[in-house]
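Would you mind keeping the following structure in view while I ask a few things?
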Amino acid sequence: MKIATYNINSVNAHLENFSKWLTKANPDIVLLQEIKCEFNNFPFFDLQSLGYNCHILGQKSYNGVAILSRGKIEITSENLPNYSDEQSRYLEAITTIDDTRYKVASVYLPNGNPPQNDWSDKTKFIYKLNWMDSFLKHMQNLNAENLPVIIGGDFNTILTPQDVYNYQLFEGNALCRPEVQTRLKQMSFIGFYDAFRALHTKENGYTFWDYTANSFKADFGMRIDYFFTSPLASDKLTACYVDKTPRADDKPSDHTPLIAEFK
């Protein structure tokens with residue numbers, strides 16, 4: 001089974017690029033973030049024509065998450081069940097691929113940086129920490145389930161200096177504040193594995209490059225997209241890698257897919 005997580009940065013703006021990649025990569029499941037559209041504007045027909053069932057939790061112009069699968073999708077949670085949120089950042093479902101049931105979730109964790117770099121405004125950072133606390137509580141429940149659980153998405157967190165081209169430039173940024181890093185590291189204490197790092201200890205694994213200058217060509221990137229896998233899923237994990245093809249193509253998202261494969 002092949003699953004991808006991809007912050008698409010507007011599914012309609014990058015639909016041609018995305019459809020081309022889907023046809024070539026042929027994943028069984030795709031977790032999307034930042035679809036930036038509501039239900040009526042989501043390209044269901046285009047993606048169904050490529051063989052995917054789709055469920056979304058949309059939001060006009062911002063945020064939004066989706067799950068695509070070649071199997072049936074049974075939604076188990078829209079937004080975190082223990083957190084009241086007006087923003088669309090979490091979608092969870094059970095889907096069956098080749099007679100194996102998986103629980104999957106698409107996550108778009110808050111960025112946390114203030115608007116216009118007004119560092120006196122802590123509102124978005126507090127929102128990020130509260131969201132993460134609720135997310136971690138829910139992860140404790142999910143890890144107790146008797147089926148493989150795969151959590152994928154844009155976590156807006158730089159865990160270590162290895163995960164960004166220049167760590168010093170981001171010190172103080174909400175992506176690598178110690179309060180944020182400490183929370184995401186709790187995933188391992190709960191029992192989830194960072195799928196990419198479980199298989200690649202030395203590669204940078206960048207999944208995001210800013211649009212400015214020559215960031216992509218110069219590899220001025222960061223690793224902020226992750227797969228976290230429960231023990232039952234981790235036992236089946238055979239590969240986890242970054243596919244840079246869509247980022248190098250025309251009209252790309254500023255992210256690129258992270259892919260995991262399971263036996």
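Each value in this text was obtained by applying a stated rule to the coordinates, not by laboratory testing. All values reported here derive from a predicted model rather than from experimental measurement. Note that each Cβ is placed from the backbone with ideal geometry, even for glycine, and that neighbours are counted across all protein chains shown.
Would you mind giving the average projected area, over all directions, of the Cα convex hull of the chain in nm² with one decimal?
The number I arrive at for the chain is 13.1 nm².
Continuing with the same structure: Could you please rank F45, F208, F227, placing first whichever residue has the fewest other Cβ atoms within 10 Å of its Cβ?
The most exposed by this proxy come first: F45, F208, F227.
Sticking with this one: Please list 3J(HN,Hα) in residue order for the stretch 168-180, calculated via the Karplus relation 6.51 cos²θ - 1.76 cosθ + 1.60 where θ = phi - 60°; whole Hz, with x for glycine and proline.
Result, ordered by residue: 4, 5, 10, 5, x, 5, 5, 6, 10, 5, x, 4, 6 Hz.
Where in the stretch 50-69 does the amide nitrogen come within less than 16 Å of the point 7 Å from the Cα of Q87, taken along Cα to Cβ?
In the stretch 50-69, the label zone of Q87 (backbone N under 16 Å from the point 7 Å along Cα→Cβ) covers 57-66.
Oh, and also: Return, ordered by residue number, the residues of the stretch 127-167 whose backbone nitrogen is under 15 Å from a label point located 7 Å along Cα→Cβ of S188.
158-163
Taking θ = phi - 60°, what integer Hz values does the Karplus form 6.51 cos²θ - 1.76 cosθ + 1.60 yield along the stretch 237-251, in sequence order, with x for Gly and Pro?
In residue order, the calculated couplings are 5, 10, 7, 8, 7, 9, 10, 7, 3, x, 5, 8, 8, 5, 6 Hz.
Starting from the stretch 66-137, pick out the GluC sites (Glu not before Pro) whose DSSP state is loop and whose Cβ has at most 13 other Cβ atoms within 10 Å.
For GluC sites (Glu not before Pro) across the stretch 66-137 that sit outside H, G, I, E and B with at most 13 neighbouring Cβ atoms in 10 Å, the list reads E86.
In this model, which of K202/K263; K124/K244; K103/K202; K20/K217; K2/K244 are farther than 27 Å apart at the alpha-carbon?
K124/K244; K103/K202
While we're on this one: So which lysines can K128 reach, going by Cα to Cα under 21 Å and dropping same-chain residues fewer than 8 places off?
Qualifying lysines at Cα under 21 Å: K36, K60, K137, K185.
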